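Peer 1: If you scroll down you'll find the structure; I have some questions about it.
The values are calculated or read from the model by the stated rules, or taken from the named source; none is laboratory data. These numbers were taken from a predicted model, which means no experiment stands behind them. So basically every Cβ, Gly included, is an ideal-geometry build from the backbone, and we count neighbours across all protein chains shown.
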Amino acid sequence: MNPKTKLGILALVSVALIVVFMTIQSGGNWGYILPRRGIKIAAIVLTAAAIAFSTVVFQTITNNRILTPSIIGLDSLYMLTQTFIIYMFGSMHLALVNPNLDFLLSVGLMIGFALLLYRFMFRKEGRNIYFLLLVGIVLGSLFGSMTTFMEVLIDPNEFLVLQSRMFASFNRMNTGILTVAAVSMAGIAIYCIRYVKVLDVLSLGRDHALNLGLGYNGLVKRLLVVVAILISISTALVGPITFLGLLIANIAYAFMKTYRHSVLLWASILIGIIALVGGQLVVERVFTFSTTISVIINFSGGVYFLYLLLKESKSW
């Protein structure tokens, strides 16, 4: 089966799930149902595209298929930001009550952190991507510890507000946030078109990329900034989903069986849409909102992560 056929199958499954999600148990109230569910579908598509693209690019840069961009601490910084605002000002502060302001603040802080981290890491020669990952892990642990410390001290009622932000949710979206996220991602997509074929060369490794004439360090820095922006947008949009990128990227590798990123990127995005729409259907129709989609995705991704580790250990 050629890659185009496989992409066609994924696209058909994605469309079928979206149609089911939009029409199931509608009761004929289309004027009310379609706009509300349409916002969720738009959020799902944007989130799947951001996480899928950033994860595949990040794994190509690091040449490691069990790493995700969350390893550099962006998810932890998001939770630290939300916790700090509630700890200092309370849950009724404008930065939290206004979803547009909360979105822009979270994205701005995460992008700023990523830019400072990359600038500091690559300021001297000899610094490589693995040193950056190590520093990101340490800072992520620091942010997590600071978040836990403030969570212990805040009022229990305030903690309930914070708890709703610890897990990804497609139920608190509004059109304003989606518009800003969609415009930002459209700009990133236009910027990244030129790098799709270059990613095929980067997947060969640093030495081969340099031998083939790529400006490796500059290219990696630009792509890492793009990854940080995409993760910032997806996390601020719906909340952290730690294992989604790992899950959809590795399924795309296994299903497509190709090195071409023009195929892998589309496949991972479609698989992400299938996973999120299917997961949201399970949350709403099976568990009746008693759990969140991030719990389902993280459980499935954690099991798959263990499988990948066992698989790699056997190959050693």
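Peer 1: Can you find even one residue in the stretch 17-31 that is outside any loop (DSSP other than H, G, I, E, B), β-branched (Val, Ile, Thr) and surrounded by 17 or more Cβ atoms within 10 Å (Cβ to Cβ)?
Peer 2: First, the residues of the stretch 17-31 that are outside any loop (DSSP other than H, G, I, E, B): 17-23, 30-31.
From the residues that got through so far, the ones that are β-branched (Val, Ile, Thr) too are 18-20, 23.
Pick out the ones that are also surrounded by 17 or more Cβ atoms within 10 Å (Cβ to Cβ) and you get 18.
Checking the stretch 17-31: at least one residue is outside any loop (DSSP other than H, G, I, E, B), β-branched (Val, Ile, Thr) and surrounded by 17 or more Cβ atoms within 10 Å (Cβ to Cβ).
Peer 1: Conditions: (1) hydroxyl-bearing (Ser, Thr, Tyr); (2) under 29 Å from LEU12 (Cβ atoms); (3) touching a residue at least 24 places away in the same chain (Cβ under 8 Å). THR291 meets all but one. Number of the miss?
Peer 2: (3)
Peer 1: Which of the residues that make up the stretch 30-59 are farther than 21 Å from ASN298 by Cα and not basic (Lys, Arg)?
Peer 2: TRP30, GLY31, TYR32, ILE33, LEU34, PRO35, GLY38, ILE39, ALA42 - these are the residues of the stretch 30-59 that are farther than 21 Å from ASN298 by Cα and not basic (Lys, Arg).
Peer 1: What residue, of ALA249, ALA267, ALA275, is touching a Phe, Trp or Tyr at 6+ places or on another chain (Cβ under 7 Å), at pLDDT 85 or above, small (Gly, Ala, Ser) and in a helix (DSSP H, G or I)?
Peer 2: Among ALA249, ALA267, ALA275, only ALA267 is touching a Phe, Trp or Tyr at 6+ places or on another chain (Cβ under 7 Å), at pLDDT 85 or above, small (Gly, Ala, Ser) and in a helix (DSSP H, G or I).
Peer 1: Here's a follow-up. Yes or no: MET88 more than 18 Å from the chain's Cα centre (by Cα), on the phi < 0 side of the Ramachandran plot, among the aliphatic types (A, V, I, L, M) and not in a helix (DSSP H, G or I)?
Peer 2: It is false that MET88 is more than 18 Å from the chain's Cα centre (by Cα), on the phi < 0 side of the Ramachandran plot, among the aliphatic types (A, V, I, L, M) and not in a helix (DSSP H, G or I).
Peer 1: Suppose we filter LEU162, LEU178 for residues that are within 23 Å of SER294 (Cα to Cα), in contact with an Asp or Glu (Cβ under 9 Å, 6 or more places away or on another chain) and of a type outside the set (S, T, N, Q); which single one remains?
Peer 2: LEU162
Peer 1: Residues of the stretch 207-246 being in a helix (DSSP H, G or I), in contact (Cβ under 8 Å) with a residue 40 or more places away in the chain and either more than 24 Å from ARG119 (Cα to Cα) or charged (D, E, K, R) (or both), which ones?
Peer 2: LYS221, LEU237, VAL238, LEU244, GLY245, LEU246
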